[in-house]
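To start, the structure itself, in C-alpha cells.
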Amino acid sequence: MQLIKKNRFVLLLLIQLAFSAAFLSCSKKTEDIIVFNNSYPLALAPDVTWAVITNPYAAYRADKSWGAESRGYCRKGEILQVLGKSVDENNVLWYKFEQGWLPSDCLAEYSNRYKALSVSKSFGESE
C-alpha cells in the first residue's frame, strides 16, 4: 500500500511538472524590431555592382583612355556604384562611375554594397 501511494505521488509530481513546463514555455515574447538601413536602396540589388578603390589615389578620366582628361580623384577605401564597364583598344577593362572612368587595376568589384563596405573597413577607412 505504501508503494502505491509513493508511485502515485511521483506520478502526480511528474504531471504537475509537465503542465507547469508547458505553461511557462507559452509565455508571451516581446517583438524584436528590425530596422532596415535604406540610405542606399540599391545596396542589395542583384543587377548593381559596387567597387572599392584599392590604390592610394586614382584619377577619374573623362573617357576610357589613359590619355583622357582627368576629372577628379578618389582615395583608397572609397565605395562607388558601378554604372558601366568597357574594354578599350588595348584590352584594358574600364569602369564607369558618376565622376568618370577608372581602370580595373585600381579597384575591386563586389556584388553588393555590404561586401564592399566590409572590404573598405579592412583598409582602415571609415565611411
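The values are calculated or read from the model by the stated rules, or taken from the named source; none is laboratory data. Owing to the predicted nature of the structure, the values given are computational and were not obtained by experimental measurement. Methodologically, a virtual Cβ is constructed for each residue, glycine included, from the backbone with ideal geometry; neighbour enumeration extends over all protein chains shown. Ligands, DNA and RNA are excluded from the accessible area calculation, which covers all protein heavy atoms including side chains. Shrake-Rupley method; radii C 1.70, N 1.55, O 1.52, S 1.80 Å.
Among the residues of region 66-76, the ones that are of a type in the set (A, V, I, L, M, F, W, C) and either surrounded by 14 or more Cβ atoms within 10 Å (Cβ to Cβ) or modelled with pLDDT of 95 or more (or both) come to 2 in all. For region 48-58, a residue qualifies if it is open to solvent by less than 30 Å² (accessible area, probe 1.4 Å) and either closer than 13 Å to Glu109 by Cα or outside any strand (DSSP E or B) (or both), and the qualifying residues are Val48, Trp50, Ala51, Val52, Ile53.
Please find, within region 77-111, the residue that is farthest from Asn37 (Cα to Cα) out of those that are within 15 Å of the chain's Cα centre (by Cα) and open to solvent by 30 Å² or more (accessible area, probe 1.4 Å).
At the first step, the residues of region 77-111 found to be within 15 Å of the chain's Cα centre (by Cα) are 79-81, 109-111.
Okay, now just the ones that are also open to solvent by 30 Å² or more (accessible area, probe 1.4 Å), so 79, 81, 109-111.
Details: Ile79: 17, Gln81: 17, Glu109: 22, Tyr110: 19, Ser111: 18 Å.
Checked region 77-111; the qualifying residue farthest from Asn37 (Cα to Cα) is Glu109.
Residue-wise test of (1) farther than 15 Å from Trp101 by Cβ; (2) surrounded by 11 or more Cβ atoms within 10 Å (Cβ to Cβ); (3) modelled with pLDDT of 75 or more; (4) among the small types (Gly, Ala, Ser).
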site: Ala22; (1), (2), (3), (4): yes, no, no, yes
site: Asp32; (1), (2), (3), (4): yes, no, yes, no
site: Pro46; (1), (2), (3), (4): yes, no, yes, no
site: Tyr60; (1), (2), (3), (4): no, yes, yes, no
site: Lys64; (1), (2), (3), (4): no, yes, yes, no
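Restricting to region 84-105, name every residue that is of a type outside the set (D, E, K, R), farther than 10 Å from Ala51 by Cα and outside any strand (DSSP E or B). Give the derivation first.
At the first step, the residues of region 84-105 found to be of a type outside the set (D, E, K, R) are 84, 86-87, 90-95, 97, 99-104.
Checking the rest, the ones that are also farther than 10 Å from Ala51 by Cα come to 84, 86-87, 90-94, 99-103.
Listed by number, the residues that qualify are Asn90, Asn91, Val92, Gln99.
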